[in-house]
Amino acid sequence: MAEALLVSVITKLGEIALKEVAPDGQHQVRTTDDIRFIKDELSTMKAFLRDAEKKSMRGEVVSEWVAQVRDEAYKIQDVLEEFLLRMDLLRARLTRRHVGCLDIKFYICYIPSFNKQMTLCREFHSEIECIKREVEAISRRRLQYNLQEEVNSSNHEEETRGDYGLSSPFVEEANIIGIDKDVEKLENWLLKEGVDENHQRSIISVVGMGGLGKTTLVKKVYNSIKGHFECSAWVSVSQAFELRGILRRLMEEFYESRKQAPPKGMEAMAVEKLQQTTYGYLQGKSYILVLDDIWDVNAWEVVKIALPCKGKCKVIFTTRLEDVASPTGETNYVHKLQKLPPNLAWDLFYIKQFKNNNPSVSFPSHLKEIGEAIVKKCDGLPLALGAIGGLMSKKGTNPSVWDDVLKNLDWELNHSQDLQRLSAVLLTSYNYLPSPQKYCFLYCGFFPVDYRIKTSRLIRLWVAEGFVEDHPRKTPEEVAANYLVQLINRSILQVDIDKLRVGLNACRVHDLMREMAIQIFKKEEFGVVYTNHPSNGLLVGSHRRIAFHNKIADNSLTWDNRINHEQNNPRSFLTFSVKEVSYSALRQMLLNLKSLRLLDLSETKIEHLPSEIGNLIHLRYLGLRWTQIHQLPSSLQKLHNLQTLDLRNTKVESFPPKIQIATFPQMRHLLLTNNREKLSDRTFTIHILRRFTIGANNRELSNLQTLSGVKAHKSLASQLGYLNGLRKLYIVEVRREYCTELCAALRRMEHLRSLRICSNTKGDVLDLEMMSPPPPHIEKLSLDGIMECLPQWVCSLNNLHTIKLFDSRLTDDPMLSLSQLPNLEILVLSTAYMGRQMGWISSSSGDVGFPKLRSLCISDMLNLEEFTEIEEGMLQCLWHVVIGFCPKLKKLPHGFQHLKTIHSLILAEMPEDFIQRLRFNGGEDYWMIQYIPKTMIENRSMGCLSLKKTLDLVDMTRNLKKKNPSATTD
């Protein structure tokens, strides 16, 4: 990881070398020369580290030298950031004072500031000279101890001892369970011959994270069906592949499969000759080829030239990368291998633990709870279940020993011989990540076990930490989003699927990948996860980042007296599930941790934010979501570096006097309010923060990406006019008189992706027709307020995937217009339409309405009595339907039975007659919904019940009322 750190530091050194870092030329020249020297030396170290860090086997001397490089890089990073920040503050203060200063007043303003800049530059030059000497000493040690030879030696040792047997198709693995359906599916694909393929070469890719059993699965399939082909070959590619070596191995395997000797002189053949010879040999023959553990599509680009395309030709990939799984120009089948379900995971662990030793032994009851916790930690990963099961088989049956292994699994992964293969498989994914993505992955280890990580939050954290590389045409958030996709495509992070949302909204880290991350960042001093368990004492040592986890339910223990402030001066501090924090403890922390760049106190029960927050001049991220804070201190105005301020779900209603949004020139994400839509509360309630204004100096807010919860006022439109970089905007309390100028400002926001507009509480009409043409890239649109008609420009939003209309009270049915949106996936209509009939576009017109709609919510349609018929072929992607609070709606639409893709149907506070028609034993419309896996009723008197239980309760209530008219049910 030191290599990743050096990349960041070298980039920063390059930037500062191009700037004037001193008001006088003498210091400028000397400092710049020293900076360039340091930059060149670090670049040389980086090249060495790139090779050293990829190897799991490196000597103690190399490891110690790498630690020295890392510590020096951290020091350089801190010195540079401190100097640049203090210099920028001085210059900004001088600029403000110069406004209106003339003649002698100018010099009175300038001279003190000049002297302060000179003092700062002398201190900086002195520190740079010290760093230069230290870097020279570290460079000499590398040469003195001949570390390059040691690394090359360990590289050769690692390559020669490579675990080739693990990938060999001839090594049988015992106790394989849970893959029978996968085997059957692959065999069907491989033996499939028909007109549909035109006898072309086809590729079957098995994709999944390391340790999931891809190679094991393909071994079983390969050994089962290779007899159906004239030639067969199995080649392990891996990351450090060599093209000539792959082609030679390929040729050898194909010849040996027909019991023929490979051609003489093969060792001396060039790549082109190997390709030609192999192609000629396979011409006219059927063949099957396995490329195991392929990481780079370029390897396939070379191999495919050696393979004929016509005839019975099958190629199997195993890979962790989704990008590699579907090469262009080929017939592809992709099989995403899934984790073992809990019951099979337990079976595998049980087999490895006991049946190997004594098949008659049942699992001891006193170990079952710990055993289940270990299995849960493995999270369905077969390699982990087998390896850890094998380890536990040697640990006896003492519960204390088992519990110790469970609690220290990160240490076991790094030290136990029994887990060496598992550790190597997991570590491989990390070692070959690009430098910035290593940081991003490790950062995910700070989140608790099985935590659902919101991707928007994660991206903002990465940007605030400075992990993201600059890009000439993309924002840091866009670059970070690409990092996230790459980590998912490499099967390092897992997508947390939410079908009620569009896009990549959340992710998780496999427990064992998290354990590995924690072990790495302990070793590299990247950070620490600290829990408040009573057995944990004072947090000692130097840590760049601290994540504080509360693991004691209903306990108010926090970090009070747990952090050694003399040794710890972290750059980031995050809390999770912390219940209570004393004001004095928080104040003391802010006094001591002045180097914080990131402070996330989300969900912490604090009511006051100490004024000492203003001392954190480096702070870039301040997360206060779900705290009890109701007022912000005026010292907040000192945080000129603040990039993200999250005040959602707090009690804060305004900034202190003299503080405006423009106070924070580096601000990227200002999250002031959060929308909470609750069908069970009958209305979609909105928590609104008031009295936040942008300010007159809004031209400085060029970085602002998110502005959520700003109150509309007369001059808002003119202030928004300079915020053309906004991606997400939420405006509340919009009056009709503001709409004309507001629409003009919105039209200029060409980068806008998400827009929510909410009218004021007096029921003013939202007149948004003049927003035509709208920003072309809008993907999410929410309009809350009375509208005379749906704006025509809405139908032109071809990128729109989510639209929500609240309290619109339209007189014309909006469904006919919205059905034409080609990418609409989420549609919410609440008090949006006042008519009695709602319809769908007719498929007979030639257009299929709502081609991608997945989620439909219709609520509070007080006059709605019926839907028009749903014709077969409509709404073929619909997955989730909610209908609620429609007191006059009589029944589901005719043709509802055609919607075979629906997975869940929720009916909230619907008329009793409507529900009775859906009775499972006699309801006349039950046949229309009987195929839906999940049908639920939400009712205030009944709670949330399945359809069967609800109807039973309805019948019971009816019988009670007949016997006793005054009876009620709770």
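Quick look at the values:
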quantity: Taking the stretch 707-746 and dividing mean pair separation by its residue count, relative contact order in percent (alpha carbons under 8 Å, at least six apart); calculated: 57
quantity: Long-range amide H partners of Ile906 with built H, under 5 Å; calculated: Val881, Val882, Ile883, Met936
quantity: Probe 1.4 Å - accessible area at Cys877, Å² to nearest ten; calculated: 60
quantity: Cα shape, the stretch 176-336, gyration tensor, a/c 1.5 rule; calculated: prolate
quantity: Mean Cβ neighbour count within 10 Å, used as a protection proxy, ranking 330-341, 396-407, 204-215, 783-794 highest first; calculated: 204-215, 783-794, 330-341, 396-407
quantity: Relative packing of peptides 379-390, 743-754, 494-505 - highest average C-beta neighbours within 10 Å first; calculated: 379-390, 743-754, 494-505
quantity: Where Cα atoms sit under 30 Å apart: lysine pairs in the stretch 251-342 separated by 8 or more or lying on different chains; calculated: 29
quantity: Built amide H within the under 5 Å cut-off of Ile786, gap 5+; calculated: Leu766
quantity: Gyration tensor (alpha-carbon) shape descriptor, the stretch 352-423, a/c threshold 1.5; calculated: prolate
quantity: Long-range Cα-Cα pairs in the stretch 265-404 (distance over 21 Å), rounded percent; calculated: 60
quantity: Nearest-10 value in Å² for the accessible area of Thr119, using the 1.4 Å probe; calculated: 70
quantity: Hz values of 3J(HN,Hα) by residue in the stretch 388-395 - Karplus curve (6.51, -1.76, 1.60), Gly and Pro given as x; calculated: 6, x, x, 5, 5, 5, 9, 9
quantity: Karplus-derived 3J(HN,Hα), 6.51/-1.76/1.60, for each residue of the stretch 63-74, Hz, glycine and proline x; calculated: 4, 5, 5, 4, 5, 5, 4, 4, 5, 5, 5, 4
quantity: Exposure ranking of His777, His894, His549 by accessible area [1.4 Å probe, largest first]; calculated: His894, His777, His549
quantity: Amide H contacts of Glu580 (H built 1.01 Å from N, under 5 Å, at least 5 apart or other chain); calculated: Lys605
quantity: Approximate spin-label separation Asn115-Ala261, in nm, with each point projected 7 Å along Cα-to-Cβ; calculated: 9.3
quantity: DSSP beta bridges in the stretch 176-336 [antiparallel fraction, %, rounded to 5]; calculated: 5
quantity: Accessible heavy-atom area order of Tyr738, Tyr931, highest first, probe of 1.4 Å; calculated: Tyr931, Tyr738
quantity: The stretch 802-936: C-alpha gyration tensor shape, a/c 1.5 cut-off, then a/b vs b/c; calculated: oblate
quantity: Under the Karplus curve 6.51 cos²θ - 1.76 cosθ + 1.60, θ = phi - 60°, whole-Hz ³J(HN,Hα) for the stretch 495-504, x wherever Gly or Pro sits; calculated: 6, 9, 6, 10, 6, 8, 10, 9, x, 8
quantity: Net charge over other residues, Cβ less than 12 angstrom from the Cβ of Arg836 (K, R count +1; D, E count -1); calculated: -1
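The values are calculated or read from the model by the stated rules, or taken from the named source; none is laboratory data. Nothing here was measured: the structure is a model prediction, and the numbers come from that model. Note: ideal-geometry Cβ built from the backbone for every residue, glycine included; neighbour counts use all protein chains shown. Surface areas here come from the heavy atoms of the whole protein model, side chains and all, with no ligands, DNA or RNA. Shrake-Rupley method; radii C 1.70, N 1.55, O 1.52, S 1.80 Å.
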